[in-house]
Amino acid sequence: MMTRSPQGRTNRLTRPSIAVAAAVAVTAGVVAAAPDAKTAEPTPKLSLIAASTSVTLDSWKDDPGVYLDLGTYLTSENGAFELKVTRKSYKDPVVATQVLRNGKKTTTKALPAGLVKDFSGLPGFAQVSVTDAAGKTVLKQTEAFCPNNASGRIRPDAPAQSKYPQSCPVNPFTLGSVWGVENGWASNTYAGYYAKPVQLAAGTYTAKISVTKKYRDLFGIANKPQTVKVTVRERSWEEEEGSGSAARSAAPQSAKSAAGHQGHTGHSGHGGHEGHQQAADAPAASAHAAHGAPARPKAPAARTTGAAPTFNVGHGPYPPAPPALPWALKKESLQRQAFSAAKVGDRPGQTDGSRQAPGAKPNAKRPTGKATVPDVPKPDLRSLPAYGITVSDGYEDVPGKDYLAFSANVWNAGPAKLVVDGFRSPGKELMDAYQYFYDAKGKQVGYTPTGTMEWDPRPGHEHWHFTDFASYRLLKADKKESVRSGKEAFCLANTDAVDYTVKNANWHPGNTDLSTACGQENSISVREVLDIGSGDTYTQDLPGQSFDITGLPNGTYYIQVLANPENRLKETNHKNNSALRKVVLGGKKGARTVKVPAHDLVNAN
């Protein structure tokens, strides 16, 4: 494919604006108590239910389209519904297996070949049909379903926490994922970000939602469609802003104010794990309303997909998007499309997704005693092939030059997490960095010096970077070095679920949020962690995520992403740190193009 950014600016990747698991108050058609253990079926019993018989959806005049969040859920009883989704390599297709647990016994059931083509969910799972007041069918479509979607308990004796991850990953080079609906829980069937808004005029409708036949047959789901009355109302920001001081004080804040001031708690930054567009689209879930009339953002989109909002915070020059609220909670405030402190927040019995994962705290003091590297499990750093590849002019550096920009990810295949502490001596600009090692019980049993950390003041960064974590190189067709990026320092955070099927993978990593994981300019110490199964993506709109190709001839090149280039970090394997992505440069100066061939079966630039 040939790509060139309009006006020379890079195309921003958009990864789902993803919402956290919520305490969903599901009432319709719910089993009141756990089934008798003696009569429990060996496989989970799945049911489609509706949380309410009616919903109100908004269509905004300046951003038309209605998001069909109809409040239907898939429940799981008699055990958890669990799927393991993997591919052996990028040359192999994605396959899915159902995992069945009966006490201590675990069995698996292979799902049909070709059923799942990526890691974003079960395609064509829900059938949605909408009729107008006259009975005419105005919409008929199928939607994908991510079992890890915004979810909650359906009975009080269900597990308090779901053990499953909070998203279905969409990084094109994901290797493995686990999807599940916890026993006694329900997951929203709404496809969220993956579903496009539909065009429905203001008025009343009837929606019929059902599970498609292939999935009913495959998982033994009863054919019981749900019917929901739908009211579509047209709204505009002009009307909202003119409706009085009460509306102004409760109206959504701009994404920038919700995310924090530029370069402060919202970090304007770390931004770019592909959540940028939602920064302008999603409603803020701030703990307090803005003073006076807020800045006018684009109309909010009611997206309810399945991961913690922290996964929408990445390395980029834009504030992180506020989380979308789960339908059942958002229903409370549909009258104003505004979220006040009285209605939302993380507190006992209610989680709206606004809470940010705290950064792991470093040790109070730098380590003492003799540095040792004990014989315990260590991390295994690996690189994903570059993606999000495009050509731009020199807007970020020197105008008039041509740059090849790209996104890159380094991940940890385990079996141990990577833990690096930085300690700052008073008055010094650099922190001294140390890598820590742990035994099987999690006890720290050793450490070793591993370089430094430096403060990066550039817009889109503004946090502490661990030096020599990775490097980027543009290689000629013979795979010898041609151009080397100046970027080698990184803030580590678990932004992408790359492979949650590896040994010891942590499905709920703690520091998915860079604004809390990478410190402030005046920090005295910082702890950065890359957990098992997760990776850290830097997107192509950041300084340093590009090569100057102004003087390079057209032809074939390879983008190399190289983890741990100086072997400063101790790993289980140093031989799998490199990943290459083929690109073909064309065009002429000021109008360069790039063609990105498929990488084996992955056809994503």
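The values are calculated or read from the model by the stated rules, or taken from the named source; none is laboratory data. Fair warning: this is a prediction, and the values are worked out from it, not measured in the lab. When we count neighbours, we look across all protein chains shown, and the Cβ atoms used for this are built from the backbone with ideal geometry, even at glycine. Side chains included, ligands, DNA and RNA excluded: accessible areas come from the protein's heavy atoms. Shrake-Rupley method; radii C 1.70, N 1.55, O 1.52, S 1.80 Å.
A few comments on the model shown:
- Evaluated against (1) open to solvent by 80 Å² or more (accessible area, probe 1.4 Å); (2) modelled with pLDDT of 95 or more; (3) under 23 Å from T206 (Cα atoms), K84 falls short on exactly one condition, (3).
For (1) assigned to a strand (DSSP E or B); (2) more than 24 Å from P225 (Cα to Cα); (3) open to solvent by less than 10 Å² (accessible area, probe 1.4 Å); (4) in contact (Cβ under 8 Å) with a residue 12 or more places away in the chain, each residue gets a yes or a no:
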position: S76; (1), (2), (3), (4): yes, no, yes, yes
position: Y90; (1), (2), (3), (4): no, yes, no, yes
position: R101; (1), (2), (3), (4): yes, yes, no, yes
position: A113; (1), (2), (3), (4): no, yes, no, yes
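- Residue satisfying condition, being at pLDDT below 85 and among the small types (G, A, S), within set A497, A489, A505: A489
- Odd one out for P449 among (1) part of a loop (DSSP other than H, G, I, E, B); (2) open to solvent by 60 Å² or more (accessible area, probe 1.4 Å); (3) modelled with pLDDT of 90 or more; (4) not small (G, A, S): (1)
- Listed conditions (1) exposed (fewer than 14 other Cβ atoms within 10 Å of the Cβ); (2) part of a strand (DSSP E or B); (3) not charged (D, E, K, R) are all met by V138, apart from (1).
- Filtering region 406-442 to residues that are closer than 30 Å to F547 by Cβ, not hydrophobic (A, V, I, L, M, F, W, C) and not in a strand (DSSP E or B) leaves only E429.
- Matching entry among D69, D118 (being over 20 Å from G220 (Cα atoms), buried (at least 21 other Cβ atoms within 10 Å of the Cβ) and acidic (D, E)): D69
- Some residue of region 156-176 being more than 30 Å from S383 (Cα to Cα), touching a residue at least 24 places away in the same chain (Cβ under 8 Å), open to solvent by 10 Å² or more (accessible area, probe 1.4 Å) and of a type outside the set (A, V, I, L, M): yes
- Test: residue in region 180-187 that is out of contact with any Ser or Thr (no Cβ under 7 Å at 6 or more places or on another chain), touching a residue at least 40 places away in the same chain (Cβ under 8 Å), among the aliphatic types (A, V, I, L, M) and buried (at least 16 other Cβ atoms within 10 Å of the Cβ): no
- The residue that is least open to solvent (accessible area, probe 1.4 Å), among those in region 191-242 that are modelled with pLDDT of 95 or more, hydroxyl-bearing (S, T, Y) and under 30 Å from T108 (Cα atoms), is Y215.
- Matching residues, region 577-605, being in contact (Cβ under 8 Å) with a residue 60 or more places away in the chain and either surrounded by fewer than 13 Cβ atoms within 10 Å (Cβ to Cβ) or among the polar types (S, T, N, Q) (or both): N577, S578, K589, G590, A591, T593, D600, N605
- Condition check for G176: modelled with pLDDT of 95 or more and more than 24 Å from I154 (Cβ to Cβ): yes
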